[in-house]
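Contents: one structure, followed by commentary.
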Amino acid sequence: MIQAPKSNELFLRAQKTIPGGVNSPVRAFRAVGGNPRFMVSAKGPYMFDEDGNRYMDLINSWGPMILGHAAEVVNEAVQKAIPNSLSFGAPTRKEIEIAELIVSMMPSIEKVRMVNSGTEATMSAVRVARGYTGRDKLIKFEGCYHGHGDSFLISAGSGAITLGVPDSPGVTKGTANDTLTAPYNNLEAVQTLIDANKGQVATIILEPVAGNMGLVTPAEGFLQGLRDLCDKEGIVLIFDEVMTGFRLSAGGAQQLYGVTPDMSTMGKIIGGGMPVGAYGGKKEIMDFVAPAGPVYQAGTLSGNPIAMAAGMAMLTYLHEHPEVYTQLEQTTSKMVAGMKQNLQKLGLNYTLNQVGSMFSIFFTDQPVYDFDTAKTSDTAQFGRYFNGMLQRGIYLAPSQYESLFVSTAINDELVEQYLQANFEALKESLNS
Ligand code: HOZ
């Protein structure tokens, strides 16, 4: 039985000075019960908390720790960059090198702008799409999450739905009116929205593999269908690859599914875990960005030298080691296959969605292909399961509406340990 008295104490203390005691809502464990663990360090497949407990990490900072924690190749690059300056606020050679690398890896990207987070990337990309088309409205999908920009907090997934505020207060009616929403995987609904807002839709933005309502995969033809609709209507198609970029393949979900959007947003992994985001796309669209064009977007910390060094090391490694993706897929498939056996042995209803190294379990008797079907999962059971796993030293996403991310640090022995814990926690979740 894992005890965490220091974390418990810290959580009480944190709540006095930090809203809800955390700097990002899902971390507070509200949807699963119990108190969050306060982390001290991490190495390879493990994170260590204030009480010295060790957890096998299946979040990996929500994606970027694809090589496990404290990967040598990234840490060395950071250490080498530190003595030169923590921030210049002026351009550097590294920014060109990482831009060139991203352009060579991501099919949709001809030009790219660095920012500091996925939220900044999506907010900026939509502004550019609006500036480029001269139109105001955007279409997003229920349960997709694109960071906390106002336009996206309508039917939002991730922490917003976890805490029951998919339409956040504080978003103006005007902004909400410009955001149109359709069910994921429903092309007909998108067509209807376009018809009802003829010539007004600037952009369709989506996670090409949705990871913020749990993992939901695009149905056959869905991404291509959107591509065709956007071409027909002069709409800018944006793939939000903040979680999937450089994770599902070296060229992200767009390479995996063979559909190229007009713009893409990236995050997390392109900073090797440091606070970085980026947006990019076709030259003619990106040349609308200041100072090349009239759409304003800026930031002192954009292209930060330490973050660029970390990102460059990570992306170079992934570029040069395509076998990483085969290994990740194999490891994850073993985990998923073993979980299916466990679930069947226990006679549980489930849906397990997986693409490459991302997966989610839903406790439901239905296939999960959109937000409504994701919400059929028994979230109380998920909470019991989550805590059972935590007690066995496995750290899962503390919400039904998130994906899990596997790293290359998970070897066969750890897969076995994971599956043993999975069986016991599932069994326990039935009895409580
Ligand atoms: N909403 C984020 C993942 N989809 C979680 C952010 C965090 O708590 O770090």
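The values are calculated or read from the model by the stated rules, or taken from the named source; none is laboratory data. Every value quoted in this text rests on a predicted model; they were computed, and no experiment measured them. Note that we place each Cβ from the backbone using ideal geometry, even for glycine, and neighbour counts take in every protein chain shown.
Here is how the numbers come out for the structure above:
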{"read-out": "Test: residue in the range 74-84 that is over 20 Å from Y317 (Cβ atoms) and either more than 16 Å from the ligand (Cβ to nearest atom) or assigned to a helix (DSSP H, G or I) (or both)", "value": "yes"}
{"read-out": "Residue among L237, L248 that is touching a strand residue (DSSP E or B) at 6+ places or on another chain (Cβ under 7 Å) and either part of a loop (DSSP other than H, G, I, E, B) or among the hydroxyl-bearing types (S, T, Y) (or both)", "value": "L248"}
{"read-out": "Single unsatisfied condition, A253 versus (1) under 25 Å from K232 (Cα atoms); (2) assigned to a loop (DSSP other than H, G, I, E, B); (3) aliphatic (A, V, I, L, M); (4) touching a Ser or Thr at 6+ places or on another chain (Cβ under 8 Å)", "value": "(2)"}
{"read-out": "Filtered residue count, the range 15-38, keeping only those that are within 14 Å of the ligand (Cβ to nearest atom) and either farther than 14 Å from L396 by Cα or among the basic types (K, R) (or both)", "value": "12"}
{"read-out": "The lone exception for T326 - which of (1) touching a residue at least 60 places away in the same chain (Cβ under 8 Å); (2) under 30 Å from I410 (Cβ atoms); (3) among the polar types (S, T, N, Q) it fails", "value": "(1)"}
{"read-out": "Lone unmet requirement of (1) surrounded by 17 or more Cβ atoms within 10 Å (Cβ to Cβ); (2) within 16 Å of the ligand (Cβ to nearest atom) for L10", "value": "(2)"}
{"read-out": "Any chance E188 is more than 25 Å from G281 (Cβ to Cβ) and either modelled with pLDDT of 95 or more or surrounded by fewer than 24 Cβ atoms within 10 Å (Cβ to Cβ) (or both)", "value": "yes"}
{"read-out": "Qualifying residues in the range 96-124 (those that are among the acidic types (D, E) and surrounded by fewer than 18 Cβ atoms within 10 Å (Cβ to Cβ)) - the one nearest to V40 (Cα to Cα)", "value": "E97"}
{"read-out": "Filter result for S124 (without any contact (Cβ under 8 Å) to a residue 40 or more places away in the chain, in a helix (DSSP H, G or I), touching a strand residue (DSSP E or B) at 6+ places or on another chain (Cβ under 6 Å) and among the hydroxyl-bearing types (S, T, Y))", "value": "no"}
{"read-out": "The range 329-344 residues that are without any contact (Cβ under 8 Å) to a residue 12 or more places away in the chain, paired with ones that are outside any helix (DSSP H, G or I) and buried (at least 17 other Cβ atoms within 10 Å of the Cβ) (beta carbon under 9 Å, 6 or more apart)", "value": "Q344/Y350"}
{"read-out": "Those helices (runs of 4 or more DSSP H) lying entirely in the range 320-432 with at least 1 residues in contact with a Leu (Cβ under 7 Å, 6 or more places away or on another chain)", "value": "323-345, 379-391, 412-431"}
{"read-out": "Helices (runs of 4 or more DSSP H) wholly inside the range 128-197 containing at least 3 residues that are away from the ligand (no atom under 16 Å from the Cβ) and closer than 25 Å to Y401 by Cβ", "value": "173-178, 187-196"}
{"read-out": "Residue list for the range 55-85, filter: of a type outside the set (V, I, T), at negative phi, over 24 Å from the mean Cα position of the chain (by Cα) and surrounded by fewer than 16 Cβ atoms within 10 Å (Cβ to Cβ)", "value": "E76, Q79, K80, P83, N84"}
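For (1) at pLDDT 95 or above; (2) in contact with a helix residue (DSSP H, G or I) (Cβ under 8 Å, 6 or more places away or on another chain); (3) within 13 Å of the ligand (Cβ to nearest atom); (4) under 27 Å from V115 (Cα atoms), each residue gets a yes or a no:
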| site | (1), (2), (3), (4) |
| --- | --- |
| L206 | yes, yes, no, yes |
| A210 | yes, no, yes, yes |
| L215 | yes, no, yes, yes |
| A219 | yes, no, no, no |
| F222 | yes, yes, no, no |
| D228 | yes, no, no, no |
| D231 | yes, no, no, no |
| I235 | yes, yes, no, yes |
| M243 | yes, yes, yes, yes |
